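A.B. asks: So that we are looking at the same thing, I have put the structure below in structure tokens.
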Amino acid sequence: MFDSIAPRYDLLNHVLSANVDRLWWRRTARRFRAVLAQPDAAVLDICCGTGDLTMALLKHRPQAARPILAADFSRAMLSRGAKKFAARKPGAPYAVALEADALHLPLRDGSMDLIVTAFGFRNLANYEAGLREFHRVLKPGGQLGILDFSEPGGLVGRAYAIYFRRVLPAIGQLVCGKAGAYNYLPVSVGNFPPPGEMLELMRKAGYAGCAWQPYTFGIAGLFTGERAAVA
Ligand SMILES: C[S@@+](CC[C@H](N)C(=O)[O-])C[C@H]1O[C@@H](n2cnc3c(N)ncnc32)[C@H](O)[C@@H]1O
């Protein structure tokens, strides 16, 4: 499905979110600036898609930093990201595109300092398995950030639900030229556990200091936690 929407993905993202998506990626990157500032930090952006979160993360990397790993299992999405990474100035911090499944990462146990993911986690076939796989790959003390949509309550929630369930799939169909191209979005957001439940899943999977920071009235939000350091 992501291969089929890849050609219009960036355009649609910016139109449908009125460019607020850029603020959310930037805010997420800022949250992890202390890790990103360490030249040797091993950083993975999983479900990186066309690489916009990776580009925001790169802004916080120092010169000669270890490259960020940007991974996704959709070749069409990933190749668009790879083009953005390749267009960076020579000598600037860079990213390497890796075709990989979030549930079976081709990475060693305890090898990463930071794993982040934006708007990809809720699409995983099994959330617990995803959290376990990230936990396996993180170093003790390594940090996790999951940016994804949420369903706010109250008046904002009701207006948002109409936009999300009716307007957005219609625009998606118009721009992509395919019936049902963006129906996945409200469906996957509806299936995603609310913040309290998601935090519980994170704790059960072995993360410490779990928290959720709502963005833009709770339309989206960032889950954070870390793999507990061994005593
Ligand atoms: C909505 S896009 C988000 C892309 C990007 N992170 C962003 O913020 O625009 C979701 C991405 O998750 C990827 N994805 C979904 N399940 C995956 C999995 N199991 N392994 C790797 N990538 C996956 C899809 O291919 C797609 O590129």
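A.B. asks: If we scan the stretch 132-154, do we find a residue that is modelled with pLDDT under 95, among the hydrophobic types (A, V, I, L, M, F, W, C) and open to solvent by 40 Å² or more (accessible area, probe 1.4 Å)?
C.D. replies: no
A.B. asks: Still on this structure: Could you list, in sequence order, the residues of the stretch 111-140 that are acidic (Asp, Glu) and within 14 Å of the ligand (Cβ to nearest atom)?
C.D. replies: The answer is 128, 133.
A.B. asks: Further question on the same structure: Tell me yes or no: at least one residue of the stretch 42-55 is charged (D, E, K, R), within 25 Å of residue 110 (Cα to Cα) and surrounded by 14 or more Cβ atoms within 10 Å (Cβ to Cβ).
C.D. replies: yes
A.B. asks: Same structure, new question: Name the pairs: first residue in the stretch 65-84 and more than 20 Å from residue 103 (Cβ to Cβ), second residue part of a loop (DSSP other than H, G, I, E, B) and among the acidic types (Asp, Glu), Cβ to Cβ under 9 Å, at least 6 apart or on different chains?
C.D. replies: Here the result reads 65/40; 66/40, each pair linking the stretch 65-84 to a residue that is part of a loop (DSSP other than H, G, I, E, B) and among the acidic types (Asp, Glu).
Okay, residues lined up against (1) modelled with pLDDT of 95 or more; (2) open to solvent by 30 Å² or more (accessible area, probe 1.4 Å):
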{"residue": "180", "(1), (2)": "no, yes"}
{"residue": "189", "(1), (2)": "no, no"}
{"residue": "216", "(1), (2)": "no, yes"}
{"residue": "224", "(1), (2)": "yes, no"}
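A.B. asks: Look through the stretch 96-107, keep the residues that are part of a strand (DSSP E or B) and more than 9 Å from the ligand (Cβ to nearest atom), and return whichever of them is farthest from residue 46 (Cα to Cα). Can you show your working first?
C.D. replies: Going through the stretch 96-107, the residues part of a strand (DSSP E or B) turn out to be 96-99, 101, 104.
Next, only the ones that are more than 9 Å from the ligand (Cβ to nearest atom) stay: 96-98.
On the way: 96: 12, 97: 10, 98: 9 Å.
It comes out as 96.
A.B. asks: Right, next: For the structure I just gave you, tell me whether residue 104 is loosely packed, with under 14 Cβ neighbours inside 10 Å and over 22 Å from residue 176 (Cα atoms).
C.D. replies: It is true that residue 104 is loosely packed, with under 14 Cβ neighbours inside 10 Å and over 22 Å from residue 176 (Cα atoms).
A.B. asks: Could you say whether any residue in the stretch 77-95 is within 16 Å of the ligand (Cβ to nearest atom), crowded, with 18+ Cβ neighbours inside 10 Å, at pLDDT 95 or above and closer than 21 Å to residue 34 by Cα?
C.D. replies: Yes, the stretch 77-95 has at least one match.
A.B. asks: Looking at the stretch 1-42 only, could you name the residues that are among the small types (Gly, Ala, Ser), within 12 Å of the ligand (Cβ to nearest atom) and either touching a residue at least 12 places away in the same chain (Cβ under 8 Å) or assigned to a helix (DSSP H, G or I) (or both)?
C.D. replies: 4, 6, 29
A.B. asks: Do we have any residue at all in the stretch 202-209 that's buried (at least 18 other Cβ atoms within 10 Å of the Cβ) and in a strand (DSSP E or B)?
C.D. replies: Looking through the stretch 202-209, at least one residue is buried (at least 18 other Cβ atoms within 10 Å of the Cβ) and in a strand (DSSP E or B).
A.B. asks: Right, another one. From 42, 86, 97, grab the single residue that is out of contact with any Ser or Thr (no Cβ under 8 Å at 6 or more places or on another chain) and of a type in the set (Gly, Ala, Ser).
C.D. replies: Being out of contact with any Ser or Thr (no Cβ under 8 Å at 6 or more places or on another chain) and of a type in the set (Gly, Ala, Ser) holds for just one of 42, 86, 97, which is 86.
A.B. asks: Now, a different point. Just checking, how many residues over the stretch 46-69 are of a type outside the set (Val, Ile, Thr), within 9 Å of the ligand (Cβ to nearest atom) and outside any loop (DSSP other than H, G, I, E, B)?
C.D. replies: Total meeting the criteria: 2.
The values are calculated or read from the model by the stated rules, or taken from the named source; none is laboratory data. Because the structure is predicted, anything quoted here is derived from the model rather than measured. Using ideal geometry, Cβ is built from the backbone for each residue, glycine included, and neighbour counts are taken over all protein chains shown. Side chains are part of the model used for accessible areas, which takes the heavy atoms of the whole protein and leaves out ligands, DNA and RNA. Shrake-Rupley method; radii C 1.70, N 1.55, O 1.52, S 1.80 Å.
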